[in-house]
Every structure is written in structure tokens, then in C-alpha cells.
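Contents: one structure, followed by commentary.
The values are calculated or read from the model by the stated rules, or taken from the named source; none is laboratory data. Please read these numbers as outputs of a predicted model, since none were measured by experiment. Ideal geometry is used to build each Cβ from the backbone, glycine not excepted, and the neighbour counts take in all protein chains shown. With ligands, DNA and RNA removed, areas are computed over all heavy atoms of the protein, side chains included. Shrake-Rupley method; radii C 1.70, N 1.55, O 1.52, S 1.80 Å.
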Amino acid sequence: MQAARVRLPVGVYKAFEVSRGSEGEALFRQVTSDLSIEEREYFSFCFYDKEEGIRHWLYNDKKILKQLKNLPQEFSFEVKFYSTTPTTIVDDHARYYVFLQLRRDILTGRLPATADTHALHGSFVVEMTIKCIKCYFFF
């Protein structure tokens, strides 16, 4: 067993134990279970080749070590696919983590958009914030 260090959507790192010959799916199941995410199709892991400055996506059906090619087992759990209609995401946890990623991508400039698109994204942020407040007070 070895530890894989994963940056979670809230910005903290957490270690997950995986066996040496594990495929990406083993780690993916552990993390999505830990975060209580049921709608998993929007998320994936990425890792960075710091020498080249390139982001790579981890394939769940391939062995982790073969994909890393001597890079450290350090991953970022991120949204890989944004839903075209975020209001259709049923799982509250998945919606919250999509919201966190969307907010971070807008703030860092990673998600280039027009003013109208930013306004639309802002409305999704407000909607998510209201839903989170309702969840906090009523659950």
C-alpha cells in the first residue's frame, strides 16, 4: 500500500491508501465515497508535470503508476466536465463541489468568459449559496 495525496475541492490535502498496482478507479471510488458524491461523472483526477507545466487527467481504467511516469502520487480532484445545465445535478454534494470548482475557475481566470456568461455563472453561485443555506438550516 502507498499513500496518494489528493487536493480536495475545499483546498485541503488528504492522503488515501492505494495498492501499488491499483488503477485510477480504486482511488476515484475512495475519494468520491469520502466526499459522499453519487453523481461521479463530472469529476476526475488530474496531476501536474511541474517541469513541463502541463496538466494531465488520470484515466480510471489504467494503472496509476504507469500514468505518473515517476512523478509523485499527488492529485487534484477536479471537475472534468461542466454540466450545460447545472440545475439538473441532483446530488447536493456533487453540485456543491461543482460550485466550488466553478467559483475557483472564475476567480483565477482559468474559465474565460464574456460578461454575460460571468453574470450567468454568478446566478448559479447565488442559487447554490441559497440551496446550501437551506441545507444547513433544515438538515
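With all protein chains kept in place, the per residue accessible area of region 1-131 amounts to 59 square angstrom at a probe of 1.4 angstrom.
For region 12-139, rounded, prolate or oblate, judged on the Cα gyration tensor with a ≥ b ≥ c (square roots of eigenvalues), a/c < 1.5 rounded, else prolate if a/b > b/c? Here region 12-139 falls in the oblate category. Of the solvent-accessible surface of region 1-81, computed with a 1.4 Å probe over protein heavy atoms with every protein chain present, carbon and sulfur atoms account for 48 percent. Computed with a 1.4 Å probe on the full set of protein chains, the accessible area for Asp61 sits at about 110 Å². Report the net charge of residues surrounding His93, where surrounding means a beta-carbon distance below 9 angstrom and charges are Lys +1, Arg +1, Asp -1, Glu -1. So the surrounding residues net to -3. Counting every pair of alpha carbons in region 1-85, the share spaced more than 17 Å apart comes to 44 percent.
Using a probe of 1.4 Å on the protein chains alone, the accessible area found for His93 is around 80 Å². Inter-label distance, Arg40 to Leu65: 2.3 nm, where each label sits 7 Å from its Cα along the C-beta direction. For Lys14, the aspartates and glutamates whose Cα comes closer than 18 Å to its Cα, not counting residues fewer than 8 places off in the same chain, are Glu25, Asp34, Glu74, Glu78.
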